[in-house]
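First comes the structure, then the notes that go with it.
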Amino acid sequence: MANVTIIGAGNMGSAFAGVALAGGNAVQVLARDADKAAVDSRVSAGVVGDPITGDVVILALPYPALADVLGAYAGQLDGRIVVDLTNPVDFATFDDLVVPADSSAAAGIAAQVPGAQVLKALNTNFAATLATGLIGDATTTVLIAGDDAGAKATFAAVVDDGGLTAVDAGSLKRARELEALGFLQLTLAADEKISWAAGFALVK
């Protein structure tokens, strides 16, 4: 079992806390407000800036909040698995991503925390599909991109043990495709072409 820290207690952070707890993992949740971090009686709740206890750290944050959080934990993420679930959408226009076309939010994080094993995952999932474990009749699929095979295996075990299906999506270079897919899914939901409980599933 893993020791998981989730930074952010919004819908995604709360939903993934449930997944991690279902798999028997120890879970710490950190938020700006300690009361909001108490998403479940089984989690260790605290505020951003408190020491991180997890070997797996989930950045369950809006993309614009990343810089402050990474700054607050400068040097403390070395040796840890860092999972980026952000979609770097330009919310002013809702018509583009704010990272270069040949890069990704995850690549930017990897450059800022070179001592960590950075993964891109969960950004193609809505919180409801994490909480229910279903997309339609299919088990929720979590696509994982990263360069460290051991880090991917550790995080995949958290996902699988929590009742979801982890799929290795390739190297961290694939993060840009995952972010494009996440962006497409967001625009479809915002335009009410799919519900916020829907999403893309892999059927083998």
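Remarks
- For ASP90, residues with placed amide H under 5 Å, excluding near neighbours: ASP95, ASP96, LEU97, VAL98
- Global form of segment 141-184, assessed from the alpha-carbon gyration tensor, a/c cut-off 1.5: oblate
- Full extension of the chain between VAL167 and ARG42 gives 42.2 nm of extra length, using 0.36 nm per residue less the Cα-Cα distance.
- Environment charge of ALA110, counting only residues whose C-beta is closer than 15 Å and scoring Lys/Arg +1, Asp/Glu -1: 0
- The relative contact order of the chain, computed from alpha carbon pairs under 8 Å that lie at least 6 residues apart in sequence, is 20 percent.
- Dipole size of segment 3-190 about its Cα centre, with +1 on Lys/Arg Cβ and -1 on Asp/Glu Cβ: approximately 160 debye, rounded to the nearest 20.
- Answer label for Kirkwood radius over Cα pairs in Å (calculated), chosen among [x] 19.3; [y] 16.7; [z] 20.4: [y]
- Antiparallel DSSP beta bridges within the chain, as percent of all bridges there, nearest 5: 20
- A simple charge model with +1 on the Cβ of Lys and Arg, -1 on the Cβ of Asp and Glu and nothing else charged puts the dipole of segment 160-204 at about 180 debye relative to its Cα centre.
- Helix-only CD estimate at 222 nm, as mean residue ellipticity for the chain, using -39500 (n - 2.57) per DSSP H run (n ≥ 4): -9500 deg cm²/dmol
Bear in mind these aren't lab numbers, they're just calculated from the coordinates by the rules spelled out. Bear in mind that the values here come from a model prediction, so they are computed numbers and not experimental data. As a convention, Cβ positions derive from the backbone with ideal geometry for all residues, glycine included, and neighbour counts pool all protein chains shown.
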